[in-house]
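Engineer: Sending over a structure as structure tokens; questions will come in a sec.
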Amino acid sequence: MDIQHLKYFVEVAKQRNFTKASQILLVSQPSISKMIKSLEDELKVTLLDRSERQLKLTDAGVVVYEHALHILQSVEDVYASVNEVVQVKKGTIKLGLMPTTGVLLFPNVLAGFKKEYPQIDIEMVEHNAKQLKRKVEEGEIDLGITVLPVDSEPFETIPLFSEELVVLVDSEHWLAERESARLSEMKNESFILLTEDYALHDVVTQACIQSGFEPTVAYKSSLWDLIGEMVITKLGISIIPRSMVSRFNHRNVRAISISDPLIEWELVLIFKKNKYLPFAARTFIEYIQANKL
């Protein structure tokens with residue numbers, strides 16, 4: 001058994017198909033089949049159920065697959081560690097951002113980091129908070145900038161900053177001339193929320209329940225601009241981070257502070273516990289800690 005055996009087996013298991021695996025690995029299908037058959041012969045078990053159209057892992061296959069993932073990750077960590085020694089202050093960071101944080105980070109932190117470390121590349125992807133946590137845990141990205149709450153078991157967290165959530169209303173709404181209001185005063189309002197995929201949906205819902213009512217949700221959307229337009233057209237009110245108000249710089253909307261309860265939007269940098277972090281990612285963490293947002 002060698003690393004190549006495990007690499008081929010893991011890819012076939014992921015794809016559930018020899019042809020797809022061969023295309024990804026750039027290796028002929030017969031070569032992959034022969035390699036996996038050799039692995040099965042060595043272990044004296046059947047790893048793949050080939051009786052159906054789509055391959056399935058056998059019980060033994062599941063066990064080998066789980067161990068193979070850990071072994072391949074360990075090998076990747078070895079290469080990454082060696083590369084770190086050779087390529088000092090070079091590398092790539094796979095960074096996940098929420099749609100709301102790109103605007104907040106780009107002007108200062110990201111630009112400053114790139115100026116100080118020009119040879120470190122930053123590959124950024126945008127996902128909602130729940131997707132970011134999953135992708136960091138699965139190792140698809142090195143770092144994620146998301147919001148609390150975050151499960152402390154799989155993740156290390158570094159606080160970045162917090163800001164208040166405010167109520168967005170149209171200019172003729174009864175709250176429009178108020179500087180602040182209690183959330184309980186809005187129990188009879190129709191709310192326009194982000195979809196359940198977004199952490200803000202849960203934060204707002206829980207705050208309403210804490211204030212003694214379950215929000216009446218008129219609309220849900222994954223598009224910030226659409227939420228703003230629906231507020232402008234008097235279809236309901238919304239609760240958004242203070243930093244997003246400027247995005248709706250329109251004379252027909254107003255942002256009102258929530259006096260009770262004070263709802264904070266707490267952003268954190270997360271990375272997976274017990275996983276090797278490349279030099280570039282650790283350098284970014286140190287930079288973030290030294291240059292608070």
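Engineer: Taking other Cβ within 10 Å of each residue's Cβ, how do His173, His70 sort, fewest first? Please list the in-between numbers first.
Structural biologist: On the way: His173 19, His70 9.
Lowest to highest Cβ neighbour count: His70, His173.
Engineer: Please tell me the relative contact order of the chain in percent, rounded to the nearest whole number, where contacts are Cα pairs under 8 Å and at least six residues apart. Don't skip to the end; give the middle numbers.
Structural biologist: Numbers: 449 pairs, mean separation 63.9, N = 293.
Once divided by the residue count of the chain, the mean separation gives 22 percent.
Engineer: When only DSSP loop residues count, what GluC sites (Glu not before Pro) in the stretch 16-90 have their Cβ near at most 12 other Cβ atoms within 10 Å? List each step's numbers first, then the result.
Structural biologist: Values: sites: Glu40, Glu42, Glu52, Glu66, Glu76, Glu84; in loops: Glu52.
Listed in order of number, the matching sites are Glu52.
Engineer: Here is a further query. Find how many whole Å separate the alpha carbon centroid of the stretch 216-293 from the alpha carbon centroid of the stretch 1-32.
Structural biologist: The stretch 1-32 and the stretch 216-293 have Cα centres spaced 42 Å from each other.
Engineer: Separate question: What are the DSSP H helices in the chain that stretch 27 Å or more along their long axis, judged by alpha-carbon atoms, and whose average Kyte-Doolittle hydropathy comes to at least -1.0?
Structural biologist: On the way: long enough: 59-86 (41 Å, 0.56).
Sorted by number, the helices that extend far enough and score high enough are 59-86.
Engineer: Determine the percent antiparallel among the DSSP beta bridges restricted to the chain, to the nearest 5. Working shown, then result.
Structural biologist: Values: 24 of 42 bridges.
Close to 55 percent.
Engineer: Rounded to the nearest 0.05, what FRET efficiency is calculated for Asp59 and Tyr276 with R0 set to 25 Å and r the Cβ-Cβ distance?
Structural biologist: On the way: r = 31 Å, r/R0 = 1.22.
The value I calculate is 0.25.
Engineer: If you don't mind, another one. Pulled fully out, how much extra length does the chain show between Val78 and Val125, if you take 0.36 nm times their separation in residues and subtract their Cα-Cα distance?
Structural biologist: On the way: separation 47, 0.36 × 47 = 16.92 nm, distance 2.58 nm.
Here the answer is 14.3 nm.
Engineer: Ignoring the sites themselves, what is the longest stretch of the chain with no chymotrypsin sites (Phe, Trp or Tyr not before Pro) in a DSSP loop and at most 14 other beta-carbon atoms within 10 Å?
Structural biologist: On the way: sites that count: Trp174, Phe213.
In short, 1-173.
Engineer: From the square roots a ≥ b ≥ c of the eigenvalues of the alpha-carbon gyration tensor of the stretch 161-265, which class results: rounded (a/c under 1.5), prolate (a/b over b/c), or oblate?
Structural biologist: On the way: a/c = 1.23, a/b = 1.12, b/c = 1.10.
Note, shape of the stretch 161-265 comes out rounded.
Engineer: Right, another one. With the dipole of the chain worked out from charges on the C-beta (+1 for Lys and Arg, -1 for Asp and Glu) around the Cα centre, which of Gln206, Pro241, Gly91 lies farthest toward the positive end?
Structural biologist: Final value for the positive-end residue is Gly91.
Engineer: Can you pull out the trypsin sites (Lys or Arg not before Pro) in the stretch 112-214 whose DSSP state is coil and whose Cβ has at most 14 other Cβ atoms within 10 Å? Write down the numbers at each step before the final one.
Structural biologist: Working: sites: Lys114, Lys115, Lys130, Lys133, Arg134, Lys135, Arg178, Arg182, Lys187; in loops: Arg178, Lys187.
Listed in order of number, the matching sites are Lys187.
Engineer: Quick one: work out the % antiparallel among DSSP beta bridges in the stretch 161-265, nearest 5. All intermediate terms of the calculation are to be shown ahead of the outcome.
Structural biologist: Details: 11 of 20 bridges.
So the antiparallel bridges in the stretch 161-265 amount to around 55 percent.
Since every read-out is calculated from the coordinates, none of them should be taken as a lab result. Remember, it's a predicted structure, so these values are computed and weren't measured experimentally. Glycine also receives a Cβ, built like all others from the backbone with ideal geometry; neighbour counts cover every protein chain displayed.
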